[in-house]
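Any read-out appearing in this document is the output of simple, stated calculations on the displayed coordinates, not a laboratory observation. Since the model is a prediction, treat every value here as computed from it, not as a measurement. Cβ sites come from the backbone with ideal geometry, for glycine too, and all protein chains shown count toward neighbours.
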Amino acid sequence: MLKLLFADETGRVFEHPELLALVREGLPADVPVPMPLHATLASLPGRRPLGFDPASGRSELPAYRKRAIAPLLPQWAYTAAAWDSQRRVHVVWALHTDKRQHWDPAMHSTPDLPRLVRERLDRDDNPLLRQVAKCALEYRCFTAQNTFYVRDEGAIPASSGCNARCVGCISEQPPEGPPASHQRIERSPEAELMARIGIEHLSAAPGRTMVSFGQGCEGEPLTRAREIAQAIQAMRVRTRRGSININTNGSLPDNLALLIDAGLDACRISLNSAHKPLYEAYYQPVNYGWEDVRESIRLARKRGVYTALNLLTFPGVTDQEGEAEKLSELVARERVDQVQARSLAIDPDQYLAVASQHSAGGPRIGVRELLRRLRKARRGLVIGNFARGLNERRV
């Protein structure tokens, strides 16, 4: 029996003795999993949880009734939770999409991280590295932390400006929006500063070595393609090791071509939908459109760049029949290498207000079925959460 969870004003969590857990579409259809070790139970201010009385007779988002005045929720990825009275554990509705373990949260934010950051800053006065340190310690960004652990995918912020106004932007919000999760970098760095971080990481990090432009603390890196190209060229003069990746909205295909010419070998293009109306309603692009994003995907694959989609997934919208058809067509036609299914971090009601007006629609098929259809559409497609290094791109 999956019992309703609720919290008091101090944040203490209780299971209801009688009411069963509900999700937004009613009683949950899918089987939940034990709450992951590093997940967090959160109370939702201005919202009263709804439960089901079994005596009275699949979006996996929490079921609640909002009060007349309720604040926008912080920018986290939300799913429903319950108390499993048989297993006596908290459970959540979640799907494990990538079985690799090198991004284990237990291996990040370790007690020795502040020392590693301090020692690196003591020997390198790079002001851009101070921004990465802030991301590592204050925002607990795993990619930023990897720069100081000297392993896996390291972070290189590149741009203070952006050409999109995403509804769920985590680094910049209008006054009426929720508090941004991160403070955006104030000044765009010079090529030499970016190159210094990249050279050290690519030269020293073992195993699946890579660096990525385009982080949560910044805007759109393609708006600074000339400087990033110079940084890539400087890195490749010093070392041929590892992979150089960009996380981007794919808005400027000509600028992406410039980076590929310089030596970029991987890109991850973010989108919430392959349906133009919903994409543009969420991203609110400035001087570009959905067609430019699609052209960037096409260009990257044509030029032999490993091409991943950062699919901002929202159950009840992304897995609509019409949305699934559009995504499957995009993956098949453009021969995408990988889809990274990542939860969209946003107040559910805020996104549903956008999607209700602009999504492709149709009945919900479920996220698991959506991923199955994407694999069917593109033989060899990699589904996961994490970027792949040069020697691991087939799994």
Exercise for review: Just need a number here: residues in the range 135-175 that are surrounded by fewer than 23 Cβ atoms within 10 Å (Cβ to Cβ), of a type in the set (A, V, I, L, M) and closer than 27 Å to ASP347 by Cα.
Suggested key: 4
Exercise for review: Given the conditions (1) part of a helix (DSSP H, G or I); (2) under 22 Å from the mean Cα position of the chain (by Cα); (3) surrounded by fewer than 24 Cβ atoms within 10 Å (Cβ to Cβ), report the number of the one that SER270 does not fulfil.
Suggested key: (1)
Revision key, fill the gap. All conditions in (1) in contact with a Phe, Trp or Tyr (Cβ under 8 Å, 6 or more places away or on another chain); (2) not hydrophobic (A, V, I, L, M, F, W, C); (3) not in a loop (DSSP other than H, G, I, E, B) are true of ARG65 except (1)
Point to revise | In the range 96-127, the residues that are more than 23 Å from THR209 (Cβ to Cβ) and in contact with a Gly (Cβ under 9 Å, 6 or more places away or on another chain) | key: THR97
Review point. Across the range 355-365, which residue is farthest from LEU327 (Cα to Cα) among those that are surrounded by 19 or more Cβ atoms within 10 Å (Cβ to Cβ) and in contact with a Leu (Cβ under 9 Å, 6 or more places away or on another chain)?
Key: ALA355
Revision key, fill the gap. In the range 330-341, anything surrounded by 18 or more Cβ atoms within 10 Å (Cβ to Cβ) and of a type outside the set (Asp, Glu) is listed as LEU330, VAL331, VAL336, GLN338, VAL339, GLN340, ALA341
Review point. Regarding LEU37, is this residue in a loop (DSSP other than H, G, I, E, B), in contact with a helix residue (DSSP H, G or I) (Cβ under 9 Å, 6 or more places away or on another chain) and more than 22 Å from GLU369 (Cβ to Cβ)?
Key: yes
Exercise for review: Only residues that are within 24 Å of SER343 (Cα to Cα) and hydrophobic (A, V, I, L, M, F, W, C): list them for the range 63-90, please.
Suggested key: ALA63, ALA70, LEU72, LEU73, TRP76, ALA77, ALA80, ALA81, ALA82, TRP83, VAL89
Study note, to complete from the structure: Of (1) surrounded by 20 or more Cβ atoms within 10 Å (Cβ to Cβ); (2) outside any loop (DSSP other than H, G, I, E, B), GLY250 satisfies every one except (2)
Practice item. For TRP76, indicate whether it is aromatic (Phe, Trp, Tyr) and surrounded by 16 or more Cβ atoms within 10 Å (Cβ to Cβ). Key: no
**Study point:** Members of the range 17-45 found to be crowded, with 16+ Cβ neighbours inside 10 Å and in contact with a Lys or Arg (Cβ under 8 Å, 6 or more places away or on another chain), listed by number
**Key:** LEU19, LEU20, ALA21, VAL23, PRO28
